[in-house]
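Novice: Here it is: the structure, laid out below.
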Amino acid sequence: MNNLLGFTFILLALGSCRGLQDNDVDEEPELVFQPSKYGSLWPLPQNVQISDVSLKLSSSSFSITDAKESGAGASCGLLQLAYKRYYEYIFGGAKKQKVNRNARAGPTDLLELQVWITSPDSECDGYPSVSSDESCLETFSQLVYEDEYGTKTINSTVISDFPRFPHRGILLDTSRHFLPVKVILTNLEIMAMNKFNVFHWHIVDDPSFPYLSRTFPNLSQKGAYHPYTHVYTPADVKMVIEFARLRGIRVVSEFDTPGHTQSWGKGQTDLLTPCYSGSKPSGTFGPVNPILNSTYEFMTQFFKEISEVFPDAYIHLGGDEVSFACWQSNPDIQKFMEQQGFGKDYRKLESFYIQKLLDIVAATNKGYIIWQEVFDNGVKLKPDTVVHVWIGSGSNSEISKVTAAGYTTILSAPWYLDYISIGQDWLNYYKVEPLNFNGTEEQKKLVIGGEACMWGEYVDATNLTPRLWPRASAVAERLWSAKEVTDTGDAFSRLSLHRCRLVERGIPAEPLTPSFCLHEYKGI
Amino acid sequence: MNNLLGFTFILLALGSCRGLQDNDVDEEPELVFQPSKYGSLWPLPQNVQISDVSLKLSSSSFSITDAKESGAGASCGLLQLAYKRYYEYIFGGAKKQKVNRNARAGPTDLLELQVWITSPDSECDGYPSVSSDESYELTVDQPIAVLKAPKVWGALHGLETFSQLVYEDEYGTKTINSTVISDFPRFPHRGILLDTSRHFLPVKVILTNLEIMAMNKFNVFHWHIVDDPSFPYLSRTFPNLSQKGAYHPYTHVYTPADVKMVIEFARLRGIRVVSEFDTPGHTQSWGKGQTDLLTPCYSGSKPSGTFGPVNPILNSTYEFMTQFFKEISEVFPDAYIHLGGDEVSFACWQSNPDIQKFMEQQGFGKDYRKLESFYIQKLLDIVAATNKGYIIWQEVFDNGVKLKPDTVVHVWIGSGSNSEISKVTAAGYTTILSAPWYLDYISIGQDWLNYYKVEPLNFNGTEEQKKLVIGGEACMWGEYVDATNLTPRLWPRASAVAERLWSAKEVTDTGDAFSRLSLHRCRLVERGIPAEPLTPSFCLHEYKGI
């Protein structure tokens, strides 16, 4: 099975190294590269049988075709584009060779990959959803390797595969630093290579509002870092959504309120609560002002637009980290609290706002995802609300509580990838078992997946991609592969090869350990 | 003084952020961007006076010329190349504009930067050294700016400073304020260590980082070229070392032409290339291409098949080292070679019966530090015979090896204010500091502040001792970095070290540094360098790569 390996890969695991003053950095037994019987497959499919019979692929005669019986043919642009993409991934180095369809095929040649969509409705022109099936071309491309003469080779193999969890996401934050569209598209491409299927677009936040709203253009005109160079125009957003769709990725947008909204206030007068210093407005602003009708009129119009621009069935409404200090300082808010009989419990005011917001969004026929605080604060939620758990470590009790209350859940708490340290932290992400909490089988079925979060305080176009990959790949396998896939040694070997494959495809995916790739990154 | 800022730079420092669960990550009072009166200068020059008088630079009429009296003229390729480089940095966005020397100059135009090498020997064709004169004086005034420097090395720094003074006004006009600067480095040794053994770094990556070093006035590239994992240096004398010891004998080696290119590229930017060939430990990769060089380890009475440090008891070892370091001394022109000497494990030596016998013969008892010293002293004699000076990691000193008085000791263990540097300087040795600047250690947040706040001379010692500290190096060990992530992980974090080693001791205002460094990092990005951000912020021209 050794010849399954795509490239020579040597890993020297040697004891001492001056680079590490601190011996307790890596308490793991040292991981040594041993070829996996699963080659470079990542994430590992559910069922794999790889034989020793190897077949050759010639760039001039190999083709990817639609099966006659297929429910999707040449008219399915999504598939045709994917065929082109994967042909290029497989034969990347052979671009100069002319295609010669008359070349004689040898007896051990693999001539064709037939793609057969078995259902009459291929969903070719639809959008992926939380209940979609997945594509297998990536897996095929991962089976192809070069033999010692550089011949593209694949072993006779049978795979049947499906994801363990339907929601496998990456959160990118385009507010703390603006990410050029090109960077977003590149990362969607890498997500597809890791079978991620949700791009959680944390598009606006306190520092900047780069989303160009057709209804309220002042929001980005005043609230973006720059009104022209640092915004996402409607065409940009459309392109991101279509690029993602072609790769089976949902785009779930997040418009976080009532906190995390400083940038909204610049382009929308009276939206935020004026904070008071004693009896006078201090000139600063707090969360969205929940006591004005104009707030809800604004939200109604705004989320109507959002529900039209983003085709996904869900909108992420945020709702996290609401600070009550500003509300407490404002005499109008105080009066309102009294009228409503909220006493001094500002969580009730928060609930008041959120419930009105949920009604507004529900009227657009969208589902909604909210950060866990909204649940924690006892806001009345619709039964189909998705609660996003982010506080605490992997095996926290929060997820028990949320599922016990009957809510669908997404897990991010163990996967905050903006936290960095020297060493192989991917192992920590890999070892998480999402269902390792106290709860019934019914509760565990409510966990639909998770997301790796790359908050933007310290990343932008210069460092995002290598910081995210292949660390997020560890999360990809945890969310796709079977629960029993926990052998870190095997994972290390496959992930090392997977990362070299990413590098070969032009992606600056950072190294796991002292090692090399036959084809190193060609950029800076 | 607001118009000194090169680009609009807004920094929103807002309280809460979900990104940071952990409130003790950043215990600093929050740094808020306030334009510095020194604009985007980095590292801060020793003496700066910037006036409010602003002058315009036109890409069609502005020129960088050699002063008539200059000790280096058009024949100095180093300077001519630097003029081209800095013209492009200054007018990067104006490439499409045709040069029109007949355009009429306005009364507030800066027409010329005259470069005047004041010493008859400009050192244009030489190599920089630890005693190079890097000082310069820059006067920007209408209609001509003058950059005076005794040697080309100062002129290079002055050109960088000049380019940092240029900013765009709100109409996009390149503008510079009338300014007087006199400048020199606080420490003569300001280095970056890159490790090309744990991961191979393509030559292009090394050259890019040399370019960035020059933008930060670093002047030493410490090339930790080989180590345990791989031996990418292609030796003319012992080609088997890389043939067998590199990750790949062709794609992952530095050929003689590559090495020459790195050295010349560095020289043209005033940067020394100090190569490190670390022995007797950290040599696993050496053993693959050189039989009998490493000590065979024993398991009981039989060789275990594994190898330890260089075998110090064989004559063949010293014959090899003599030939090898003769080559190194010829290939690398710098006056110093870094000989390593750190982290020697004694377990393998202890297991080997031949070594045990030798220890007895020599009367070393059970003290393997004496054996290490035996090896190192022979090695130092070998290298001294090539007329090179040497730098060694602190353990060699700690283990009591007899050193020549001009040995440079490289301190790497412990935190900033450790006692090691006191001991080394008390013993009279010249010292380089790296302990507080291990940049391979990463964490979320503004760790550049920690590097910035180090005061290298903050140790117990006399004035004489403090004079022995010639500088420091930021180390980027290679376990977890390669071409994919090295550059953004190194910059602008290493820039913090650059200012600490260049600027006056009193330059410690972190707020001012934050503002200048934020602009400096945006300048690096504008020059095409993926230098990572300090905080939530933006650059008018974001990075165009992935």
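Novice: Distance cut-off 31 Å, Cα to Cα: go down the list A:Lys238/B:Lys544; A:Lys84/B:Lys244; A:Lys84/A:Lys522; A:Lys152/B:Lys244; A:Lys382/A:Lys444 and report the pairs above it.
Specialist: Long pairs (Cα-Cα over 31 Å): A:Lys84/B:Lys244.
Novice: Follow-up. Divide by every residue of chain A the summed helix terms, -39500 (n - 2.57) for each DSSP H run of at least 4, and state the resulting mean residue ellipticity at 222 nm, rounded to the nearest 500 deg cm²/dmol.
Specialist: -9000 deg cm²/dmol
Novice: Please report, to two decimal places, log10 I(q)/I(0) for chain B at q = 0.13 Å⁻¹ as given by the Debye formula with identical point scatterers on the Cα atoms and no solvent.
Specialist: Here log10 of I(q) over I(0) equals -1.32.
Novice: Write down the Å³ per residue value for the convex hull defined by the alpha carbon atoms of the range B:314-464. Walk me through the numbers on the way to the answer.
Specialist: On the way: hull volume 22.9 nm³, N = 151.
So the per-residue hull volume is 151 Å³.
Novice: Around A:Ser63, which amide H atoms from residues at least 5 apart in sequence, or from another chain, sit under 5 Å from its own amide H, with H modelled in the peptide plane?
Specialist: Close amide H contacts, sequence-distant or interchain: A:Glu112, A:Leu113.
Novice: Let me have the relative contact order for the range B:409-546, percent, based on Cα pairs under 8 Å that are six or more residues apart.
Specialist: 24
Novice: While we're looking at this one, here's another question. Sequence gap at least 6, Cα distance under 8 Å: using those rules, report the relative contact order of the range B:47-183 to the nearest whole percent.
Specialist: 35
Novice: If you don't mind, there's one more thing I want to ask. How do A:Ser515, A:Ser141 rank when sorted from fewest to most other Cβ atoms within 10 Å of their own Cβ?
Specialist: Numbers: A:Ser515 23, A:Ser141 19.
Lowest to highest Cβ neighbour count: A:Ser141, A:Ser515.
Novice: Between B:Gln46 and A:Val32, what is the spin-label point distance in nm, taking each point 7 Å from the Cα along the Cα→C-beta axis?
Specialist: It is 5.6 nm.
Novice: Could you state the per residue volume, in Å³, of the convex hull enclosing the Cα atoms of the range A:112-156?
Specialist: Measuring per residue, one finds 115 Å³ for the Cα hull of the range A:112-156.
Novice: Going by amide H atoms built from the backbone, whose H comes under 5 Å of the H on A:Tyr314, apart from near neighbours?
Specialist: Excluding prolines and chain starts, which carry no amide H, the hits are A:Gly367.
Novice: Continuing with the same structure: Which value, in nm² and rounded to one decimal, describes the direction-averaged projected area of the C-alpha convex hull of the range A:480-524?
Specialist: In nm², the orientation-averaged hull projection of the range A:480-524 is 3.7.
Novice: Taking the Cα centre of the protein assembly as shown as origin, sum charge times position over the Cβ atoms of Lys and Arg (+1) and Asp and Glu (-1), and report the length of that vector in debye to the nearest 20.
Specialist: About 2240 debye.
Novice: A further question on this structure: Inside 10 Å of the C-beta atoms of A:413-424, what's the mean count of C-beta atoms belonging to other chains?
Specialist: The mean count of partner-chain Cβ atoms within 10 Å per residue comes to 4.
Novice: At q = 0.15, 0.18, 0.19, 0.26 Å⁻¹, what log₁₀ I(q)/I(0) does the range B:444-501 have when each alpha carbon counts as one equal point scatterer in the Debye sum?
Specialist: Log-scaled intensity ratios, in q order: -0.56, -0.73, -0.78, -1.10.
Novice: Quick one: A:Met299, B:Met261, fewest Cβ neighbours within 10 Å first, how do they rank?
Specialist: So the ranking, lowest neighbour count to highest, is B:Met261, A:Met299.
Novice: With both bridge residues required to lie in the range A:167-484, what share of the DSSP beta bridges run antiparallel, to the nearest 5%?
Specialist: 10
Novice: If you don't mind, another one. Which order results if B:Phe218, A:Phe62 are arranged by neighbouring Cβ count within 10 Å, fewest first?
Specialist: Final ranking by Cβ density, sparse to dense: A:Phe62, B:Phe218.
Novice: Here's something else I'd like to know. What per residue convex hull volume, in Å³, do the alpha-carbon atoms of the protein assembly as shown yield?
Specialist: Values: hull volume 221.5 nm³, N = 1070.
Looking at the protein assembly as shown, the number lands at 207 Å³ per residue.
Novice: If you count the DSSP beta bridges with both ends in the range A:47-160, what percent of them are antiparallel, to the nearest 5? If you can, show how the numbers build up before the last one.
Specialist: Values: 10 of 15 bridges.
Of those bridges, close to 65 percent are antiparallel.
Novice: So how long is each side of the range B:327-375 along the principal axes, counting just the alpha-carbon atoms, biggest first, in Å?
Specialist: Over the range B:327-375, Cα extents along the principal axes are 40, 20, 14 Å.
Novice: In terms of the ratio Rg/(2.2 N^0.38 Å) built on C-alpha atoms, what value belongs to the range A:279-383?
Specialist: Ratio of Cα Rg to 2.2 N^0.38 Å: 1.13.
Novice: I want the antiparallel fraction of DSSP beta bridges within the protein assembly as shown, as a percent rounded to 5.
Specialist: Rounded to the nearest five, the antiparallel share is 30 percent.
Novice: Return a whole-number percent for the relative contact order of chain B, with Cα pairs under 8 Å and 6 or more residues apart as the contact set.
Specialist: For chain B, the relative contact order is 16 percent.
Novice: Further, regarding this structure: What residues have an amide H closer than 5 Å to that of B:Val274, excluding those fewer than 5 places away on the same chain, when H is modeled at 1.01 Å from N in the peptide plane?
Specialist: Counting only residues 5 or more places away or on other chains, the set is B:Phe221, B:His222, B:Trp223.
Novice: Compute the semi-axes of the equivalent ellipsoid of the range A:47-160, taking the square root of 5 times each eigenvalue of the Cα gyration tensor, and list them largest first in whole Å.
Specialist: 26, 17, 13
Novice: In peptide B:198-210, how many Cβ atoms from other protein chains are near each Cβ within 10 Å, on average?
Specialist: So the per-residue partner count for this stretch is 3.
Novice: Next question, about the same structure. Mean Kyte-Doolittle of at least -1.0 and a Cα length of 30 Å or more along the axis: which whole DSSP H helices of chain B meet both? Intermediate results must be reported in sequence, preceding the final value.
Specialist: Details: long enough: none.
Correct list, ordered by number: empty.
Novice: Also, I was wondering about something else. Tally Lys and Arg at +1 and Asp and Glu at -1 over the other residues with C-beta under 10 Å from the C-beta of B:Ala149: what net charge comes out?
Specialist: Numbers: positive: B:Lys148, B:Lys151; negative: B:Asp133, B:Glu134, B:Glu137, B:Asp183.
Overall, the nearby charge balance is -2.
Readers should treat all values here as calculations from the given coordinates under stated rules, not as data from a laboratory. Note that the coordinates shown come from a computational prediction; the quantities given were computed from them, not determined experimentally. No Cβ is skipped: glycine too gets one built from the backbone with ideal geometry, and neighbour counts run over all protein chains shown.
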